[in-house]
1. Within the range A:451-466, work out how many residues are touching a residue at least 12 places away in the same chain (Cβ under 8 Å) and in a helix (DSSP H, G or I).
2. Working only within the range A:325-364, note down all residues that are without any contact (Cβ under 8 Å) to a residue 60 or more places away in the chain and within 13 Å of another protein chain (Cβ to nearest Cβ).
3. What about A:Val281, is it modelled with pLDDT of 95 or more and outside the structural domain of A:Pro429 (by TED's automatic domain parsing)?
4. Go through (1) more than 24 Å from B:Tyr369 (Cα to Cα); (2) without any contact (Cβ under 8 Å) to a residue 40 or more places away in the chain one by one and return the number of the condition A:Ile37 breaks.
5. Go through the range B:21-66 and give me each residue that's farther than 28 Å from A:Ala426 by Cα and within 9 Å of another protein chain (Cβ to nearest Cβ).
6. Please indicate, with yes or no, whether at least one residue in the range B:408-420 is crowded, with 24+ Cβ neighbours inside 10 Å, closer than 23 Å to B:His200 by Cα and either within 12 Å of another protein chain (Cβ to nearest Cβ) or touching a residue at least 40 places away in the same chain (Cβ under 8 Å) (or both).
7. Filter the range B:233-262 for residues that are over 22 Å from B:Arg306 (Cβ atoms), in a loop (DSSP other than H, G, I, E, B) and out of contact with any helix residue (DSSP H, G or I) (no Cβ under 6 Å at 6 or more places or on another chain) and give the result.
Protein chains: 2
Amino acid sequence: MKYLIVGGVAGGASTAARLRRLDESAEIIMFERGDYISYANCGLPYYIGELIYQREKLFVQTPESFAARFNIEARVRSEVKRVNPEKKTIMVHNLALGGLYEETYDKLILSPGAAPVRPPLEGIDMEGIFTMRNVNDTDRVKEYIEEHDVKYALIVGAGFIGLEMAENLHECGIQVSVVEMADQVMTPVDYEIATVIHQHFKSKSVGLHLQEAVIAFHPAEDGIDVVLKSGLVLRVDIVLLSIGVRPDVKLAREAGLEIGETGGIKVNEFLQTSHPDIYAVGDAIEFPNPLSGRPALAFLAGPANRQGRICADNVVNGNHQKYKGSIGTAIAKVFDLTVGATGLSAKMLDRLQMPYKEVIVHGASHAGYYPGAVMMDIKINFSPENGKLLGAQAVGVDGVDKRLEMMSAVIRNGGTIYDLMELEQAYAPPYSSAKDPVNMAGFVADNVLSGKVKIISWRELKDMDHSKVMLVDVRTPEEFGRGSIKGAVNIPLDGSRGKYQNLPKDRTIVVFCAIGLRGYIATRILMQYGYDVVNLNGGYRTYSTAMAEQCSAG
Amino acid sequence: MKYLIVGGVAGGASTAARLRRLDESAEIIMFERGDYISYANCGLPYYIGELIYQREKLFVQTPESFAARFNIEARVRSEVKRVNPEKKTIMVHNLALGGLYEETYDKLILSPGAAPVRPPLEGIDMEGIFTMRNVNDTDRVKEYIEEHDVKYALIVGAGFIGLEMAENLHECGIQVSVVEMADQVMTPVDYEIATVIHQHFKSKSVGLHLQEAVIAFHPAEDGIDVVLKSGLVLRVDIVLLSIGVRPDVKLAREAGLEIGETGGIKVNEFLQTSHPDIYAVGDAIEFPNPLSGRPALAFLAGPANRQGRICADNVVNGNHQKYKGSIGTAIAKVFDLTVGATGLSAKMLDRLQMPYKEVIVHGASHAGYYPGAVMMDIKINFSPENGKLLGAQAVGVDGVDKRLEMMSAVIRNGGTIYDLMELEQAYAPPYSSAKDPVNMAGFVADNVLSGKVKIISWRELKDMDHSKVMLVDVRTPEEFGRGSIKGAVNIPLDGSRGKYQNLPKDRTIVVFCAIGLRGYIATRILMQYGYDVVNLNGGYRTYSTAMAEQCSAG
């Protein structure tokens, strides 16, 4: 058998290696347009920031090591220009020596990846404006920084890569600004979680221009003038475009393969394209999201590697291994914070018109009495009908990745908020609490679903006529004194329980504390006295962070 | 309604708080024999080690705060001496003022906990010999250390608490030795995982006496002479007994409640004892292990807290919430290492005569090219029939807790090794790899179950007649030169693939590399050439660690 693979990074290289393990006698050739195969794509920002200072560390495999270990020929600087599915041939452009040649195949695997979006803005091709897709791009950025006196940088687009680049340029001593069209950074998380990042950026003196867009780049005497929609002009020395990426489907489209509604190569559950001898993996494919059932793209390394394994099994032994799709688990380090998401955000659920409820909890990274415990924010979205966990997000200084893994495991399995309650965490004081924040999220959601508490979001409260409700801050007088919601009265939970019987019955009582826990206890008391009472989701912590942002944005 | 709770720590305090949230009007009284309620049991070793230096940090709640927040009366120094289930009364001994009194109840909840085992050894009541159950015990140990010139300490029993105490006494500048009857520390993990801890102890100069037991304590001029079974006598200044704990069921037994075969209070899935008005939670109950179906005890804070919540719901609203049992997820920090387990160990599976297969993988805590990546050891046990994950263990310097959580979530859900493959980890270079070690464990297990590779354990290899097999070390000549298995020939995978066709066909080939990955690739090649070949589980890393121990023990 002869297997050809187009694309030599993540998905392509994984597929190739697995093909060899399954079939020692096959001829396997992998074509890569760039200079390198199997490199650490996700490590590139850290090479710029010199946290990874040895360039060779970026290379997981080289064509030589791939040949020595797997007996696979990896042809770099080889761009596949055409596929002829009927003849089962490809045309390859040898970028090094020039010239086109043909290769035949029994099975073809496409792993072309995704290409950065470059909007047709005035001046976008100016020197000093970069996108980052591969090692060569990264080398160019690094060289530019080394050879120029780069003091100011602008990142266009506040997605995961944009923010990782912001951190890494900042580490190089560069003053960084970020421009983002949306009202928040990091699309996969909801506003309340993103605002924690916004605040953190302020503390790091990173400029953040939300609801803002670049309309042109103009050359300036010592740099680039970036003209923003608002009229603001930023003079910077370097621009990094990280607006987004798009599946690189030119080859697939021209070969007549079916392209899905999201713009990715359509594959079936065996990762087979519309042509039976052609499979596809990685960032370029479209596959249904397991939660929404809707076609989706996923630009993630983990799923790409899993796809490679499944694809190879199906190519060699016939279609028998099913890919299950990606729930979109993603994480990023942003300066001192870790932020991530798994499943569907509230924004996405709104767009899909899928009903959901949401709960925000704040919990300690480990037992509060053990040194180093820090608070994190967790938000979960779940079905109001059966408690199915639809999405989870977290942000904080420590232990965030672990909580995302726990919730990702539950979502991956089609689990519910009841499964969150039952998760048996590995508890000892340095690692967790007897009730882990993830358990707590489940407990709160259970209380909501079983009607033990009604909650209200910061946004609902913001939009409410405050004269028609009574706001009760149940924190201590000391906490109340440091700031509260305008119009709130302070009736501390601890010790003032008796006063809860004397509140007015003619309006809704909105109860809140710092993070929601005391508010919940107060809500339970008031409910049992017959009050119409709601607890503020996420407490004053979430409300004040989200509202501060609203004011500064407004 | 009137609810009485016996025991004011973890399970008892959780139940009480939840009872109040569900029933604002009930009378709730909690009785605690000791001086304190709701303290940080798991934090006590760290208070000795002064990592927690403020004593008040140990107290989550006090009787005063419990009254103020929950309107619950917590009576400390109040020992419940008798329960009369027919009359629905208890007799309470007021330890502070003396005298017995009666209290009636509608529902009674028992949370008596577990008591440390104190074997009837000669001299065990001598000054300087302690067990640690509660704050008072801890105060006594701390006082003893402060008032005596403690240079040498002996820990009897190498379970989780014993090893945490070893670390904390070491932090106090005390020379620590540990005596353990088994051939390994930490029963919940298997030998290969425990040996990593044994080696670490050596590096910390902690004396470890395995397969050894105390037979007597003798007073000595300046300390205690501890006589061991082997005849060895250790002169120490303090002894901590952490041999184990037993459910404290005297009260329950005398009340005529059913006691299970493990010695715990028998409860149904609603946490109700054999008497309908009496419930029980915490370390004292017996409940079926969800994996084995056999009655089991679990001395864990997480499950105790969950039980409290479920129990309260059933007490107030009638039996409707089912407890699902504990899969025994446990973790400990042991000096620089983290070690833990979830589900059933191979030892336990052997005892239960449940068939299983096991796989050992070594993986990096995060992407190898990002600074700070360190290797960890993961072992999984799974069903040979359907791949159901039966147990998982891990040890390492970083990221171990997270991997245990991921595997605990899969086991908790009744999942399989295929679910491990599908876990969608939160991947960015600082947190994970594109193929997380947990995914890798699933991949290897899948290869084993699907017959793509046969593996052999270090123990099977040890017991094998090496003249009847051919040992092939597929690492590089440099690695081979630093030490290998006696009798092995070195045929490196990379570049020497051709030589694999010329091996003798008359015997089994045992292939190994450093951690199992290259060995697997070599195994796949050899299998396809028709060899009878097995790959060494966990590679030379596991073999050499486990065997070093065997030699030093032998």
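1. 5
2. Of everything in the range A:325-364, those that are without any contact (Cβ under 8 Å) to a residue 60 or more places away in the chain and within 13 Å of another protein chain (Cβ to nearest Cβ) turn out to be A:Gly325, A:Ser326.
3. Yes.
4. With (1) more than 24 Å from B:Tyr369 (Cα to Cα); (2) without any contact (Cβ under 8 Å) to a residue 40 or more places away in the chain applied to A:Ile37, the lone miss is (1).
5. B:Leu22, B:Asp23, B:Glu24, B:Ser25, B:Ser65
6. no
7. Passing the criteria: B:Asp237, B:Ile243, B:Gly244, B:Ala255, B:Gly256, B:Glu258, B:Glu261.
For every residue, the table says whether it meets (1) more than 14 Å from every other protein chain (Cβ to nearest Cβ); (2) over 22 Å from B:Met376 (Cβ atoms).
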{"site": "B:Glu422", "(1), (2)": "no, no"}
{"site": "B:Gln425", "(1), (2)": "no, no"}
{"site": "B:Val453", "(1), (2)": "no, no"}
{"site": "B:Ser457", "(1), (2)": "yes, no"}
{"site": "B:Met470", "(1), (2)": "yes, yes"}
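The values are calculated or read from the model by the stated rules, or taken from the named source; none is laboratory data. Everything numeric here is computed off the predicted structure, so don't read it as measured data. For neighbour counting, all protein chains shown are included, and Cβ atoms are generated from backbone atoms with ideal geometry for every residue, glycine included.
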